[in-house]
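The values are calculated or read from the model by the stated rules, or taken from the named source; none is laboratory data. Not measured: the values here are computed from a predicted model. Reconstructed Cβ throughout: ideal geometry from the backbone, glycine too, with neighbour counts over all protein chains shown. Ligands, DNA and RNA are stripped out before the accessible areas are found, and what is left, the full protein with its side chains, is counted by its heavy atoms. Shrake-Rupley method; radii C 1.70, N 1.55, O 1.52, S 1.80 Å.
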Amino acid sequence: NIYNSKVVLDGELYLRPEGLTGMGKASVENSELTSDLFYFNLAEFNADTADFKLNRSDNDLVAFESVNLRTSIDLNERLGTFKSNGSNSFVSFPENQYICFIDQLNWYMDDEKLELGASDGGKGSEFVSLHPEQDSLSFFSKSAFYDLNAYIIDAKKVDEILVADAAIDRGNGEVVVLGKAKMQRFEDATLLVNTEDKYHNLFD
């Protein structure tokens, strides 16, 4: 038990003159972080590479999980910060049947909300549907939020949705993904088919 029992570490600790490090699985409330190297500071701990899993509050099912992210957990600010380590870094939303290749992500522990944003000069987060009837559907969002109670992805600043050989322009740039990859209805979208030869442009 560390940080006044706010964190439980199942693993090993190494106390050296330069500081405290460790490895294993760190449990914080409903979440688990796994890393081969944690750095433990006064009120925060971090890892250059970590896997993260957050369980739903009402049962043991996974609400959100990530693979291979630079991670920092601030126990005073109640904030988790995650950044990409490259193309192998992604997060998964099982309830929505989506994965997301992120630039950066903030976990607001008290608000039970995730914020996915774009780093300086970055394209943002790429959302990819895993639904078997939505093969190849994807879009980039420079600002998105995930409600950990309602399990809703609210993506903003979306330029287009790519699916098959078509591109959908959302109009106002907002895409809302509910459970099982279902999107809220679009009222003002345009559809370009196909993206290479631009044969048809459907609107209204």
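Summary table
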read-out: Test: residue in the stretch 118-134 that is touching a Cys at 6+ places or on another chain (Cβ under 9 Å) and over 30 Å from Asp197 (Cβ atoms); value: no
read-out: Positions within the stretch 49-84 being surrounded by 21 or more Cβ atoms within 10 Å (Cβ to Cβ), at pLDDT below 95 and among the hydrophobic types (A, V, I, L, M, F, W, C), in sequence order; value: Phe52, Leu54, Ala63, Phe64, Leu69, Phe82
read-out: Any strands (runs of 3 or more DSSP E) falling wholly within the stretch 85-204 and containing at least 1 residues that are open to solvent by less than 10 Å² (accessible area, probe 1.4 Å) and within 29 Å of Leu75 (Cα to Cα); value: 90-93, 98-101, 104-108, 113-117, 125-129, 138-141, 143-147, 152-156
read-out: Pairs where the first residue, in the stretch 22-42, is more than 17 Å from Val67 (Cβ to Cβ) and the second is surrounded by 15 or more Cβ atoms within 10 Å (Cβ to Cβ) and of a type in the set (S, T, N, Q), C-beta under 6 Å, 6+ apart; value: Asn30/Asn55; Tyr39/Thr21; Tyr39/Asn46
read-out: Failed criterion for Tyr39 (all others in (1) open to solvent by less than 70 Å² (accessible area, probe 1.4 Å); (2) farther than 24 Å from Ala150 by Cα; (3) aromatic (Phe, Trp, Tyr) hold); value: (1)
